[in-house]
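The values are calculated or read from the model by the stated rules, or taken from the named source; none is laboratory data. This structure is a prediction, so every number in the text was calculated from the model and none was measured. Neighbour counts are summed over all protein chains in view; Cβ atoms, including those assigned to glycine, are modelled from backbone coordinates with ideal geometry. Note: accessible area is taken over every heavy atom of the protein model, side chains too, but ligands, DNA and RNA are not part of it. Shrake-Rupley method; radii C 1.70, N 1.55, O 1.52, S 1.80 Å.
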Amino acid sequence: MLRSVLYITCAVAMTAWFLYKLRYLRTRWESPRLWALCAAILSTAMTLWLAAPSNVLWVDETTGIPNLATLLVAASQTVSGGVYLTLALLWRHSFWEAWPLVRWIMLACPLCVLALTALFVASSTPVERTEDFNTYYADQPTVAVFSLLWLSWVLAGHAVLAYWCFRWTKEPDYAAFPWLRRGLWVYGAYGVDVAMFPLIGIIAILTRRTGVADLDGVYRATAPVVALGGVLLLTAALTLPTFGPKLEPAAAWAARWRLYRRLRTLHRELTHVAPELVYVAPGRRHDPYHRTRRMVLELSDWRWSLAPLFDPEVARLAEQQGRGAGHAGERLAVVVEAAQLRHALERWSRGERGGAGERAGEVRDGALGTELAWWVQVADAFVRCPVVAAVVVTARA
């Protein structure tokens, strides 16, 4: 029952995808790529519908032919493998460039289906097997050839598909299309996922022919796992090139919120210097770009107020201990800055004040990224760096 639910759920998802893509045929009727895409999704959906054990029983009971659904699944997978190869070729090449190979694929698919049908008719399969037809009847020569032909076609088709996709992702002409490159990579992963099912099936059949049935259970368990993984990977492969670029603003928005959270502790600590400087524009409380820009401006102003309290001895200790901890270059400067801020903030909280400090430059749009990156590093060191904490304790003592 669980196996049927899994297959039917995946079939419903692929059918929904097919109906969604089908509506574009009205305006792009002449597009071979769209036709191939729709045919690929439909063939996958048909395979999943037919492979559900409950549907296998229904087909066989309705027609009165035991295991007929297995032949239909084999034919559907054969067509599916050919269509996916065609789709990959059309993604990479124009129709006329891809046509010589597409023509051979279109010729080989029906020939393979005819051969499978002839072998099935010549076989005797009276016992209904919804999950292990290939291994159960592996001792029968015609069924063994039927199964090996079907699974070898699916394995070869999807292995070639995976090889092409992984190779194309390294081509320089995809450098300007990162989301298309990611889609091709996932499409190749889909080919690897589907190829695992026939590969394990072929090995199980060959071992069964030698009298060893140890892999029968592995083969039965592989099918639903491959089906679920294939639907997820195929969905990702089909959506990434189209919807991936639309996710970039959302990803940038989320990344800016992460920077905001990293700055928040330092910002809250330094707020005590001049809390009146904190400002959030009306209606922009949930805008991470505005909040981080304001944080950078406010942190710069508070640093200017604390600068007269910076102690050269603290800077010397921070540099000495920072070098001892393996810090150098900008990272060492960050450690020194964080130590100075923590020590100066302690002096400020005790009521000490100094003269006018060295004013940091005003943050402009072009420099905001650099200033923000600097303050994020300082904030991390201010909170987490053990060198900073040790220097402040030493200076306090």
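If you wrap the Cα atoms of segment 268-347 in a convex hull and average its projected area over all directions, you get 6.2 nm². Label Trp104 and Trp374 with points 7 Å out from Cα along Cα→Cβ: what is the distance between them in nm? About 6.2 nm separates the two model spin labels. Residues Lys170, Lys21, Lys246, sorted by accessible area with the largest first, give Lys170, Lys246, Lys21 [1.4 Å probe; ligands and nucleic acids excluded].
Normalising the Debye intensity of the chain to I(0), with uniform scatterers on Cα atoms only, and taking log10 at q = 0.09, 0.12, 0.14 Å⁻¹ returns -0.71, -0.89, -1.10. Placing dummy labels 7 Å off each Cα toward the beta-carbon, the span from Ala281 to Val160 is 5.8 nm. For Phe95, project a label point 7 Å along Cα to C-beta. Then give me every residue of segment 26-67 with its amide nitrogen under 16 Å of that point. Of the residues in segment 26-67, 26-39 have backbone N under 16 Å from the label point off Phe95. Computed over segment 133-240, relative contact order equals 34 percent, with contacts defined as Cα pairs under 8 Å that lie 6+ residues apart. Where does the charge balance sit around Leu266 when Lys and Arg score +1, Asp and Glu -1, over other residues with C-beta under 12 Å from its C-beta? Charge balance near Leu266 sits at +3.
Projection of the Cα convex hull of segment 143-201, averaged over all directions and equal to a quarter of that hull's surface, yields 3.7 nm². Placing Thr27, Thr142, Thr9 in order of accessible area, with the largest value first and a 1.4 Å probe, yields Thr27, Thr9, Thr142.
Expressed in nm², what is the orientationally averaged projection area of the convex hull enclosing the Cα positions of segment 1-106?
Projected area, direction-averaged: 7.6 nm².
Per residue, the convex hull spanned by the Cα atoms of segment 44-176 amounts to 118 cubic angstrom. Ignoring solvent entirely, what values of log10 I(q)/I(0) come out of the Debye formula for segment 134-266 at 0.12, 0.14, 0.15, 0.18 Å⁻¹ when each Cα is a single scatterer? Those come out to -0.63, -0.74, -0.80, -0.96, one per q.
Near Ser31: Cβ cut-off under 15 Å, other residues only, Lys/Arg at +1 and Asp/Glu at -1. The net charge is +4. Computed with a 1.4 Å probe over protein heavy atoms only, the accessible surface of the chain comes to 51 Å² per residue. Per residue, the average separation of C-alpha pairs within less than 8 Å and at least 6 apart gives segment 290-346 a relative contact order of 42 percent.
Taking the longest Cα principal axis of the chain as reference, the axis of helix 312-324 is set at about 30 degrees. What residue among Thr242, Thr15, Thr370 shows peak mean-square fluctuation when the chain is described by a Gaussian network model with Cα springs under 10 Å? Answer for the Gaussian network model of the chain: Thr370. Label-to-label distance for Thr239 and Glu30 is 3.3 nm, based on points extended 7 Å past Cα in the beta-carbon direction.
About the centre of its Cα atoms, the chain shows a dipole size close to 940 debye [charges on the beta carbon of Lys, Arg (+1) and Asp, Glu (-1) only; nearest 20 debye].
Percent of C-alpha pairs per 10 Å bin in segment 209-278, short distances first: 15, 19, 18, 15, 15, 11, 5, 2, 1. The calculated FRET efficiency for the pair Trp58 and Leu114, based on their C-beta separation and a Förster distance of 22 Å, comes to about 0.30.
Once you reduce segment 179-207 and segment 8-48 to the center of their Cα atoms, the two points are 20 Å from each other. Taking the accessible area of the chain, probe 1.4 Å, and keeping the other protein chains in place, the carbon and sulfur fraction comes to 64%.
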